[in-house]
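Structure first, commentary second.
The values are calculated or read from the model by the stated rules, or taken from the named source; none is laboratory data. No experiment lies behind these values; they were computed from the predicted model shown. Note that we place each Cβ from the backbone using ideal geometry, even for glycine, and neighbour counts take in every protein chain shown. Quick note on the areas: whole protein, heavy atoms, side chains included, nothing else; ligands and nucleic acids left out. Shrake-Rupley method; radii C 1.70, N 1.55, O 1.52, S 1.80 Å.
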Amino acid sequence: MTGGATDLWGEWQKHGAQGLSGAQALAQELDRIAREGGIASPTTTHRGLSARLRYLNTPPGRETLTKHGVSARLLRSWERGTRPSAPKLEAVDRAYQERRRDNLIRSGALKRLLNNEGRGRRIEIYPVDQTAVDEQYRRPNLSERSVQARYVWDDMIGAWGKSDMDTLDEIWDDIITDLDSDYAAYAYVGSIGIGA
């Protein structure tokens, strides 16, 4: 990461604070939202595996499976009754999550959800965990914060889809400037939640 959150808080982990950058928190929360509404049955069940393989039964889906190490030959052996290994089941789930994310981005469904007809969405911000930080080094007055984010979602989803952490970092900086003069204390966070 260049500049951004590092410049705002410096060596924030030096004394034991635990957390992640705002960009990382945004990416994790968008991943969570993208997983919601997907196939609920785990890949380890026949139903869950079959549903994911049906979803991936398109040229882009099969290409994604191959990229994750699941070949057409391997799929045929599963059809003949060979039990998939745990790493291959995980590979199928990763391929499914990747294709689902791409489809949500391509269709615009995620942008529509988060733009919320121009009203945007509320972001709950949970500060870094300072329980392991000696009292003299703690950043004072860190508490849960909340901000209504508008007009950032299209750029945010575009950056997330490309795994562009630098742009997500810039977007996070824009979001936290709405907090107050102590916004730099939220360059790194424990987690965030998007009300979607």
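In table form, for the structure just shown:
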{"read-out": "Whole-Hz couplings from phi, Karplus 6.51/-1.76/1.60, listed for region 100-112; x for Gly and Pro", "value": "4, 4, 4, 5, 5, 5, 4, 6, x, 4, 5, 4, 4"}
{"read-out": "Relative contact order computed over region 1-145 (Cα-Cα under 8 Å; 6+ residues apart), in percent", "value": "31"}
{"read-out": "Dipole-positive endmost among Ile171, Thr43, Ile192 within the chain (Cβ charges, Cα centre)", "value": "Thr43"}
{"read-out": "Residue with peak Gaussian network fluctuation, the chain [Cα springs, cutoff 10 Å], from Asp180, Asp102, Asp129", "value": "Asp180"}
{"read-out": "HN-Hα J in Hz across region 64-78 - Karplus 6.51, -1.76, 1.60, θ = phi - 60°, x for Gly and Pro", "value": "5, 4, 4, 4, 8, x, 10, 7, 4, 4, 5, 4, 5, 5, 5"}
{"read-out": "Val147 accessible area, 1.4 Å probe, all protein chains in place, Å² to nearest 10", "value": "10"}
{"read-out": "Rounded to the nearest 10 Å², the accessible area of Glu98 at probe 1.4 Å", "value": "40"}
{"read-out": "Lys pairs, the chain - Cα-Cα below 27 angstrom, 8 or more residues apart or on other chains", "value": "5"}
{"read-out": "Unit charges on C-beta of K, R, D, E only; dipole of the chain, Debye", "value": "1800"}
{"read-out": "Projected label distance in nm at Asn116 and Ser77, using a 7 Å step from Cα toward the beta-carbon", "value": "4.9"}
